[in-house]
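Presented below is the structure to which this report refers.
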Amino acid sequence: MTENVGKKNARLARILLLVAVGMFGFGYALVPIYDVLCEWKWIERDRPDAIKQVPVAAYAVDLNREITVEFITTLNESTPMDFHAEQKQLKVHPGEYHTVNFFAKNKTNKVLVARAIASFSPAVTSRYFEKTQCFCFSEQTFQAKEAKTMPMRFVINPELPESYKTITLSYTFFDNTENSVTK
């Protein structure tokens with residue numbers, strides 16, 4: 001009987017080891033999977049090599065439609081800053097240009113270089129959300145305890161399908177001081 005229990009324990013140990021190895025492999029594969037999704041534009045990501053900056057274009061404003069744009073701001077857990085949008089949401093007509101200010105403050109006593117990454121929900125709306133000016137286009141350098149007001153100017157292309165009534169734009173600031181090209 002103890003031999004049977006020993007075999008069961010050994011089998012359970014092998015299964016648990018395989019699960020642990022599988023979990024590690026999955027976690028390791030998440031970064032390349034995320035990068036593939038970003039390249040497919042399922043997730044909007046403003047990187048220096050793929051900035052979605054557009055020239056100012058004249059659109060006919062669609063006064064018959066109103067889109068709610070929500071602004072969410074977050075910080076990577078290791079980013080010592082305060083960061084928030086001037087407005088939590090804004091109602092806009094497609095084709096109208098708007099500027100929203102974002103505020104950020106370095107909470108440390110040293111120079112901080114940070115980068116904001118944007119994402120949209122629903123993700124498909126990112127191709128209709130056109131930024132003409134944004135702090136997310138480049139790294140932001142903050143001196144010790146410095147606070148900044150950073151504008152983001154945008155327009156929603158009137159070709160946005162009518163089924164979309166709300167767009168959520170989320171910015172996450174990351175501390176990029178160690179990896180900065182501006183050091």
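Values as computed for the structure displayed
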| quantity | calculated |
| --- | --- |
| One residue from 105, 165 being at pLDDT 90 or above and out of contact with any Lys or Arg (no Cβ under 8 Å at 6 or more places or on another chain) | 165 |
| Tally, over the range 137-181, of residues that are among the hydroxyl-bearing types (Ser, Thr, Tyr) and within 18 Å of residue 123 (Cβ to Cβ) | 7 |
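Per-residue answers, yes or no, for (1) touching a residue at least 60 places away in the same chain (Cβ under 8 Å); (2) in a strand (DSSP E or B); (3) surrounded by fewer than 15 Cβ atoms within 10 Å (Cβ to Cβ):
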position: 120; (1), (2), (3): yes, yes, no
position: 126; (1), (2), (3): yes, no, no
position: 141; (1), (2), (3): no, yes, no
position: 152; (1), (2), (3): no, yes, no
position: 155; (1), (2), (3): yes, yes, no
position: 160; (1), (2), (3): yes, no, no
position: 171; (1), (2), (3): yes, yes, no
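The values are calculated or read from the model by the stated rules, or taken from the named source; none is laboratory data. The structure displayed is predicted, hence computed values, not measured ones. With ideal geometry, Cβ positions are generated from the backbone for all residues, glycine too; neighbour counts draw on all protein chains shown.
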